[in-house]
Amino acid sequence: MAGLELLSDQGYRIDGRRAGELRKIQARMGVFAQADGSAYIEQGNTKALAVVYGPHEIRGSRSRALPDRALVNCQYSSATFSTGERKRRPHGDRKSCEMGLQLRQTFEAAILTQLHPRSQIDIYVQVLQADGGTYAACVNAATLAVMDAGIPMRDFVCACSAGFVDGTALSDLSHVEEAAGGPQLALALLPASGQIALLEMDSRLHEDHLEQVLEAAAQAARDVHTLLDRVVRQHVQEASILLGD
Amino acid sequence: MLKSKTFLKKTRAGGVVKIVREHYLRDDIGCGAPACAACDGAHAGPALESQPRDQASSLCPWPHYLLPDTNVLLHQIISAWKPGTWASVASRLRPPGSLETYIEQEQGENANDRNDRAIRVAAKWYNEHLKKMSAENQLQVILITNDKKNKEKAVEEGIPAFTCEEYVKSLTANPELIDRLACLSEETNEIESGKIIFSEHLPLSKLQQGIKSGSYLQGTFRASRENYLEATVWIHGDKEEEKEILIQGLKHLNRAIHEDIVAVELLPKSQWVAPSSVVLHDEGENEDDVERDEERQLALKTAVSEKMLRPTGRVVGIIKRNWRPYCGMLSKSGIKESRRHLFTPADKRIPRIRIETRQASTLEGRRIIVAVDGWPRNSRYPNGHFVKNLGDVGEKETETEVLLLEHDVPHQPFSQAVLSFLPKMPWSITENDMKNREDLRHLCVCSVDPPGCTDIDDALHCRELSNGNLEVGVHIADVSHFIRPGNALDQESARRGTTVYLCEKRIDMVPELLSSNLCSLRSNVDRLAFSCIWEMNHNAEILKTRFTKSVINSKASLTYAEAQMRIDSAAMNDDITTSLRGLNKLAKILKKGRIEKGALTLSSPEVRFHMDSETHDPIDLQTKELRETNSMVEEFMLLANISVAKKIHEEFSEHALLRKHPAPPPSNYEILVKAAKSKNLEIKTDTAKSLADSLDQAECPDFPYLNTLLRILATRCMMQAVYFCSGMDNDFHHYGLASPIYTHFTSPIRRYADIIVHRLLAVAIGADSTYPELTDKHKLSDICKNLNFRHKMAQYAQRASVAFHTQLFFKSKGIVSEEAYILFVRKNAIVVLIPKYGLEGTVFFEEKDKPKPQLTYDDEIPSLRIEGTVFHVFDKVKVKITLDSSNLQHQKIRMALVEPQIPGINIPPEVSDMDLNGSGRKKRKLDK
């Protein structure tokens, strides 16, 4: 293959990871006081911030209210300084709209929306630095933020991306790996039940390989779950100490 | 287990782009020594030897590992005869970055120094690490570097370090290794005259700038075979008018070697020259005779008309070297005890190479392989080093090896990994094999092949159905059943691409167990096949086509002659014979239909050698005979190929592997039309159909061989047929067969293309599962590229093999006079064809030491007038054939004119034969 060698003969990727290894994940919950819930996550160099408001009354036109469940409103934006080349507008472009839609689908599947009919839940996500796997980082940040807001969910939603190079599935792609143009798969998983909240794939991939890539993404998502679970437990512990229990 | 570190990089690509990358330093990379307990199992994969074998080095008597620095590795790796690409090797050398050995670039330290330091740190780490491992058997790691500063620093830090040369010299066990060392060190140049011959090559960045601005042109350097001071550069690009640039003179060639990608600068028009028609070979023994070269250069500049001047340029820099190891012979230096010798490659386009060896006397008169290391500015010849000894010149094995190597034909025995994918013997058809497979063992199938054929890949049957129609089946060996996609066996056959048939040898594409046994459709055994079955009416119109995987049991394997005999003899009336007769009848109708559509019947002189069964020397030559049965088999193969091509293209419009034959541009036919005109015949070339018709009509009652000659000429006008992927092209037409679509399906044992087609067809009919690479059109088109290259090379190798055996034949036969026909007329020679041997040769009229005869060349009629005798194309002449072995490396067949007689050119046949013979013998003796 011409160009970059994404996977060396020894099985190392460009940044020194092995095929199935994730980047370093650091996360914090409750970063903003005024929001109902908020979280910040770093997956390698990809950094995302999520805030959640709600459930609250429908804002704007009342006709959008749903009689049987809550309306999940997601907005995605990425900071102008988040990518190598500066962007003109932080949000409102096509990619942001699509990402917002995907987030909404993901969280409609995870949040128990039927508990809050005729109300609205707002999830705002901002990417501060993009280094591959923005969707995954957004979902993971938003999960923590939704939990911070105390909104009941079926389960964690954990997302991770996976790619495919030379017969091997790579999980948690970095920007360099994404830019190489191979097939790329984004998966949002409900780890306890193993249900898939969202699955999206770019470019062509042969049917025979799909299972392998899917398994790699699912395994990565489960790994993310263990980490997020730890973060949530620690946050709750800290909060309870502060409350003086 | 992950530690992260982030570096910031800034690159300029138009604007300023900030690149932030992280790099994970690992703590789980093992040292690779199997005996090491500290990193037990941390590193899977290739490991170091547990006890480094005693290298018997006088410098370091204790056991040790070597750690060569990157430059040493890159420059010496070719010593191991591995034609790999440098880029891929270099990228492999990227160290995975271990926590302990990672160092950061310091302020004011450049990248090179950092890398050197990194290597030193690694060596140090290794030494300390191994010390921990075991105290009693002290293993040491020795740094090998050619960089003086690096070595000094290493010694300061207490790391044992040597230069490559020091180390190899100290190896007392194998002294011949030193010859194979690539000589790169600057010291080796000191002996040469300090005079700088060549101008400097410009750096790559400047070249790229120049190419962008248009002041330089980029192209492939092609040295001339005839004249070592001349070359052409084929410009990459679409500007039609400046496709070729002439380079003349040693200085302008500026150390470029054949096939290099170079940058050239066009000279002003006043300095343009015409290609010289002089043959010049580099014979200078001495290195300092640059002046003489210059004189020769002047000799090139003969008076020429303005019209013949061609764009001329000079090489300013090399963009990419395309060096490979070259085959050739050693020309021993005249000075005794000298270790420097010149090496003369077999390919005349490659300059001679200076090598250093102590084994000159053993290597003399042998074919050897030499690799080029470099070409300094002050050296007349490039420097190289000895790689491998192939054997004695003139030995059949050596020469075969040389021609295989020179044509890049993979011919090593199959590796164990490849053989491991073969089915286990004894092999039989199992239940599992019968899935998706039809049992056709009851059919009366037979195969028809040339005598002595062991890889039978096709068989046929024909029977009458109850409704009066005929059922015709073509059964092809099911090779894709045995060669599963992606395994080592598949990769190896894809690499080989085709079986290469040499005169006395066959270089198989698949291991012999498959090619001559399990896949070969021999008689009276059950074999797996892929069948293409048609229902036809008696007018050979196809009513139904069906493809299926099957099991067949061939009832007879016949030769063409045997099959012909069965058809012809009225007494035979068994199943096989009636089947053959039916096939033959249909084939005739099919052929007629094909020719009506405009398929060409071309001709090329093909010869077969009769080999002596023991010495394998050729005894006799025979031109191939064509029988009705040959064309019968051919017809059905074509039909099967066309049917399959339609089917796979229908199913896989984007990634079917097809074969096309582009129509040649009209200018190609010029020679043919002119030649025919001289015999008052008209050849129309506007369509294939009209060409075929006019070739059929071109008959001359008193000259029956003329038609064959015309067809031979027509063959030369054709383009090469190529494989391609249907998604990457939109012209599918096969010109020669006049078919809108065509592929290769019928010889999977000897062509890889057929295996891919089999797989595609199997998927199309649901008999096999698909796999990812099969439906990737870029991968498929890569495969096509390789196949086209291999096929071309196989053809060249075959021709070279025939040429070599022709020489052997004439060596034993002595001097003979034969009738010949003129194929082409050149300015100072005629090209003749001897029908009896299918041999083509050139008769030159100008010889070195003789007065030049008066030659007048007429381009319009193609004719050549020599001292009053006129030669036209197709004239019958008589030539004398001799073997010219004055040049050991390039023995060749020489032809001289006997009839018609021209005073001063030829000598009366009888007397001269004796004469020449005698003097020739004497000369040979003297040579010894």
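The values are calculated or read from the model by the stated rules, or taken from the named source; none is laboratory data. Owing to the predicted nature of the structure, the values given are computational and were not obtained by experimental measurement. Every residue, glycine as well, gets a Cβ built from its backbone with ideal geometry; the counts of neighbours run over all protein chains shown.
Per-residue answers, yes or no, for (1) crowded, with 22+ Cβ neighbours inside 10 Å; (2) at pLDDT 90 or above:
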{"site": "B:Asp457", "(1), (2)": "yes, no"}
{"site": "B:His475", "(1), (2)": "yes, yes"}
{"site": "B:Leu513", "(1), (2)": "no, no"}
{"site": "B:Asn539", "(1), (2)": "no, no"}
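What are the residues in the stretch A:40-64 that are crowded, with 16+ Cβ neighbours inside 10 Å and within 26 Å of A:Pro117 (Cβ to Cβ), if any?
Result: A:Ala50, A:Val51, A:Val52, A:Tyr53, A:Gly54, A:Pro55, A:Ile58.
Does at least one position in the stretch A:199-216 carry a residue that is without any contact (Cβ under 8 Å) to a residue 40 or more places away in the chain, within 14 Å of another protein chain (Cβ to nearest Cβ) and touching a Leu at 6+ places or on another chain (Cβ under 8 Å)?
no
Restricting to the stretch B:761-772, name every residue that is within 11 Å of chain A (Cβ to nearest Cβ) and either at pLDDT 80 or above or over 17 Å from B:Arg484 (Cα atoms) (or both).
Hits for the stretch B:761-772 are B:Ser769, B:Thr770, B:Tyr771.
Any idea which of A:Gln75, A:Gln10, A:Gln34, A:Gln26 is closer than 25 Å to A:Ala162 by Cα, more than 14 Å from chain B (Cβ to nearest Cβ) and surrounded by fewer than 19 Cβ atoms within 10 Å (Cβ to Cβ)?
Just a single option satisfies the conditions, and that option is A:Gln75.
State whether the residues of the stretch B:506-525 include one that is in contact (Cβ under 8 Å) with a residue 12 or more places away in the chain, in contact with a Phe, Trp or Tyr (Cβ under 7 Å, 6 or more places away or on another chain) and in a strand (DSSP E or B).
no
For the stretch B:723-760, name all the residues that are acidic (Asp, Glu) and within 15 Å of B:Ile483 (Cβ to Cβ).
Hit for the stretch B:723-760 is B:Asp754, nothing else.
Can you tell me how many residues in the stretch B:401-459 are closer than 26 Å to B:Ile476 by Cα, in a helix (DSSP H, G or I) and polar (S, T, N, Q)?
1
Test each condition in (1) surrounded by fewer than 20 Cβ atoms within 10 Å (Cβ to Cβ); (2) away from chain B (no Cβ under 14 Å); (3) in contact with a Phe, Trp or Tyr (Cβ under 9 Å, 6 or more places away or on another chain) for A:Arg18 and report the one that comes out false.
(2)
Out of B:Glu464, B:Glu492, which single residue is crowded, with 17+ Cβ neighbours inside 10 Å and not aliphatic (A, V, I, L, M)?
Testing whether each residue is crowded, with 17+ Cβ neighbours inside 10 Å and not aliphatic (A, V, I, L, M) leaves just B:Glu492.
Can you name the residue in the stretch B:692-720 that is under 15 Å from B:Pro662 (Cα atoms) and buried (at least 18 other Cβ atoms within 10 Å of the Cβ) and is also farthest from the chain's Cα centre (by Cα) among such residues? Quick ask: steps written out before the conclusion?
Looking only at the stretch B:692-720, we keep the residues that are under 15 Å from B:Pro662 (Cα atoms), and these are B:714-720.
After this cut, where a residue has to be buried (at least 18 other Cβ atoms within 10 Å of the Cβ) as well, the list is B:714, B:717.
Numbers: B:Ala714: 25, B:Cys717: 22 Å.
Within the stretch B:692-720, the match that is farthest from the chain's Cα centre (by Cα) is B:Ala714.
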